[in-house]
1. Nearest 5 percent is fine: what portion of the DSSP beta bridges confined to the chain is antiparallel?
2. Note the per residue figure in Å³ for the convex hull of the C-alpha positions in the chain.
3. Taking the Cβ of GLY208 as the center, what net charge do the other residues with Cβ under 11 Å away carry, scoring Lys and Arg +1 and Asp and Glu -1?
4. Applying 1/(1 + (r/R0)^6) with R0 = 22 Å to the Cβ-Cβ distance of ARG200 and ARG115, what FRET efficiency is obtained, to the nearest 0.05?
5. Measure off 7 Å from each Cα along the Cα-to-Cβ vector at ASP68 and ASP83, then give the distance between these two points in nanometres to one decimal.
6. Would you mind pulling out the separation of the Cα centroids of region 272-297 and region 94-117, in Å?
7. Using helices alone, I'd like the mean residue ellipticity at 222 nm for the chain: each DSSP H run of four-plus residues gives -39500 (n - 2.57), total over residue count, nearest 500.
8. What FRET efficiency would be calculated for the residue pair LYS234, GLU21, taking the C-beta separation as r and a Förster radius of 35 Å, to the nearest 0.05?
Amino acid sequence: MTNTENQARPIFPFTAIIGQEEMKLALILNVIDPKIGGVMIMGDRGTGKSTTIRAIADLLPEIEVVADDLFNSHVSDYDLMSDFVKNQINRGKELLTKWIKVPMVDLPLGATEDRLCGTIDIEKALSEGVKTFEPGLLAKANRGILYVDEVNLLDDHLVDILLDSSASGWNTVEREGISIRHPSRFVLVGSGNPEEGELRPQLLDRFGMHAEIRTVKEPSLRVRIVEQRSDFDKNPEACIDKFREQQIKLKENILLAQSKLPNVIIDYSLRVKISEICSILNVDGLRGDIVTNRAAKAFAAYQGREEVTLNDIKTIITLCLRHRLRKDPLDTIDSGSKVDRVVGEVIGDV
């Protein structure tokens, strides 16, 4: 095998992606605060959904993990640590660590529950007579990004498991007398084409944000996108070099936003306005309120501020609420005009 074949396939730079601002902003905010709850990206075929998602994963700084652990455990954060690592610490053992790229895990459409959650290692059970756990994709995705293309075609039962793990940050597996619980905190990104069907409203509501992308209509912009892609395919290294400074700057901004986030405040009057908008729109439950508050804080941190403004709320609220308005599974998702109208009534022009 040649050296070239051993090298990782080059990834299209995130900062080189033209347009699709909604999708890019939703991904950045979820990376700054994974507790926003992931993003559902719906749009036409061939609009760069997969390219953008892989690009954001490649952009992120490496993370430190415990070297001999199956779950990308954090060396000091108990919430991101497996029971195996906790036991090692309690016994006073020194942990070896290594640095890895942020995991980017693809869930194939035909995946089974065992492939997702993990199962018993049959080979070891037969050859050695011991029951050991074989981690699934939820374990591999811990502290990373889990991407599900065509999520609207995935079995509802698997979508439920994904959303439960994403919300709780843990995955529990009961198999053949073995009970395993491991951290599974990841940014869940789903994508799909609305022509192939929508998710049920109950499942859709569990995604933190919903980004819509459309095929670019303007001829000159389409030409720029095609040329950009051709340049990358012809000489990936030259294209990556061209955007290196922009990539570094964005990476620094994300890291700075992550460090600022715990100190960001949102005034009581703004929280009331968010809840008033949710109430007028008849959003079920309080998830919409919670996600909008989180996203507004993440956006303020991304802008380098420690206090949320009305403009921050106006920027992110459609992404947080538009998919929560559909009550009937046969309805289509509002493009955002309904949310914009109510926001205009409650907040007005800023």
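1. Counting DSSP beta bridges with both partners in the chain, the antiparallel share is about 40 percent.
2. Per residue, the Cα convex hull of the chain comes to 177 Å³.
3. +3
4. Once the sixth-power term is evaluated, E becomes 0.45.
5. 1.9 nm
6. First find each Cα centre; the distance between them is then 32 Å.
7. -13500 deg cm²/dmol
8. 0.85
Since every read-out is calculated from the coordinates, none of them should be taken as a lab result. Predicted model only: the values in this text are computed from it and were never measured. With ideal geometry, Cβ positions are generated from the backbone for all residues, glycine too; neighbour counts draw on all protein chains shown.
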